[in-house]
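Please treat every number below as a calculation from the coordinates, not as lab data. Keep in mind that what you see is a predicted model, and the values were worked out from it rather than measured. We place every Cβ from the backbone using ideal geometry, glycine too, and count neighbours over all the protein chains shown.
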Amino acid sequence: MAHFHYLGIMTNYRCTAACRHCLYCSSPAWQNGYLTPQKAEEISSLLHSDGVREVHIGGGEPFLDFEGLCALVQALGRHHIGIQYIETNAYWCYDHHRAAEKLRRLKSLGVDYLMVSCDPFHAEFVPLRRVIQFIQWCQEADMGFFVWKEQYLHRLLESGLSLDRPHTRAQLEQALGKDYIRQTAAEYGLGMNGRALNILEEYGTPQPIENLLTPTPCPSLTKLQDGHVDLEGMFLPGNCTGIALAMDKVIREEAHETYPLYHLLSTQGLAGLYDFAVVGQGFSPAASYPSRCAFCFALRAFLSKNGSYPELYPAEFYDNRFYKRS
Ligand code: SF4
């Protein structure tokens, strides 16, 4: 029986954007490459052997290596794993001919559904014209698609903002209201983790660490049923980004004996991680954090810098939360 309910494949962490709400802290600053055809074959074979029959594909930005993306689609096809949809921020939709060629190629490989991201966070990096042209060119190519989220496409179109360039926070505040970041995060129902922790730190209420310390493990770490497998074959459980376990260890249920820190966190909760990092490793926490995940991030970021824990992965994740545009 398959272990996984909802599974995505992350082709890369690198992206043309560095959105405020990005769970994976993706940005143009990432160095760690793209899923290779060999790894795509290996992962597809492993997922098939575990009974997985459909996945979605995301990133980072999967279209950053189109040949790599096609190799993944073909590998999944060889192992009879369907593709629910492929995510993109449409940055590549500026050249009609080349975009049409990509859509035609994906259709010929059996892909029939794409998801385009559209919201005020992406609008800081991707001109809205690219999203509009993505929609027009998908319709021309008879490629299925959905906009995540449609309401923001309308809101941005009605805002009067230029369609042909990205916009700064100040410009978006002027057009959408001073509170657009907090409002968008609330409307999205974000899993407030990764870079979204910065939104929480700006708008959330600090809670004393005593209130956050619980011995109860978090469901997303105990169940391991939903998540993503990345370009190195590492499984990223649910919203707990910055923690990863080798997919084959998860499938063979060997994660606990392989990853001591994961074992600690998934059996003794944040209280267990706190004792280890503070009492054991000398971490000095702040007096308060806006959420349990924000406190968990701080403990893990410290351990990731001051020890060798393969489950605190990828290491670049902890550096990319505070991405600064060059
Ligand atoms: S506190 Fe840590 S383990 Fe729990 S959900 Fe948040 S990130 Fe995951």
Checklist entry - Which whole-number percentage describes the relative contact order of region 207-326, with Cα contacts under 8 Å and a sequence gap of 6 or more? => result 29
Item to check | For region 3-43, the fraction of alpha-carbon pairs in successive 10 Å shells from zero, as % | outcome: 25, 44, 28, 3
Checklist entry - Using only Cα atoms, what Kirkwood radius does the chain have, in angstroms? => result 20.7
Checklist entry - Nearest 20 debye, what's the magnitude of the dipole of region 60-119 about its Cα centre given +1 on Lys and Arg Cβ and -1 on Asp and Glu Cβ? => result 300
Checklist entry - What number, rounded to the nearest 500 deg cm²/dmol, is the helix-based mean residue ellipticity at 222 nm of the chain, given -39500 (n - 2.57) per DSSP H run of at least four residues and division by all its residues? => result -12000 deg cm²/dmol
Next on the checklist: In Å, what Kirkwood hydrodynamic radius results for region 1-118 from the alpha-carbon pair distances?
Outcome noted: 14.7
Checklist outcome for this item: Placing each pseudo-label 7 Å from Cα in the direction of the beta carbon, Ser308 and Phe322 end up separated by a distance in nanometres of 2.7
Next on the checklist: If packing is taken as the average count of other Cβ atoms within 10 Å, what order do 239-248, 307-316 fall into, highest mean first?
Outcome noted: 239-248, 307-316
Checklist outcome for this item: Once the in-chain neighbours fewer than 8 apart are removed, the lysines whose Cα is under 22 Å from Lys178 read Lys149, Lys324
Checklist entry - So how strong a dipole does region 200-326 carry about its Cα centre when Lys and Arg Cβ are +1 and Asp and Glu Cβ are -1, to the nearest 20 debye? => result 280
Next on the checklist: Please compute the Kirkwood hydrodynamic radius over region 267-326, one decimal place, Å, based on all pairs of different Cα atoms.
Outcome noted: 12.4
Checklist outcome for this item: Fraction of alpha-carbon pairs in region 186-293 farther than 16 Å apart, rounded to whole percent, equals 64
Item to check | Dipole magnitude of the chain about its Cα centre (Cβ charges: Lys, Arg +1; Asp, Glu -1), debye to nearest 20 | outcome: 560
Checklist entry - So, counting K/R as plus one and D/E as minus one, what does the shell of residues with Cβ under 13 Å around Arg129 add up to? => result 0
Item to check | Charge context of Glu202, other residues only, Cβ under 10 angstrom, K/R +1, D/E -1 | outcome: +1
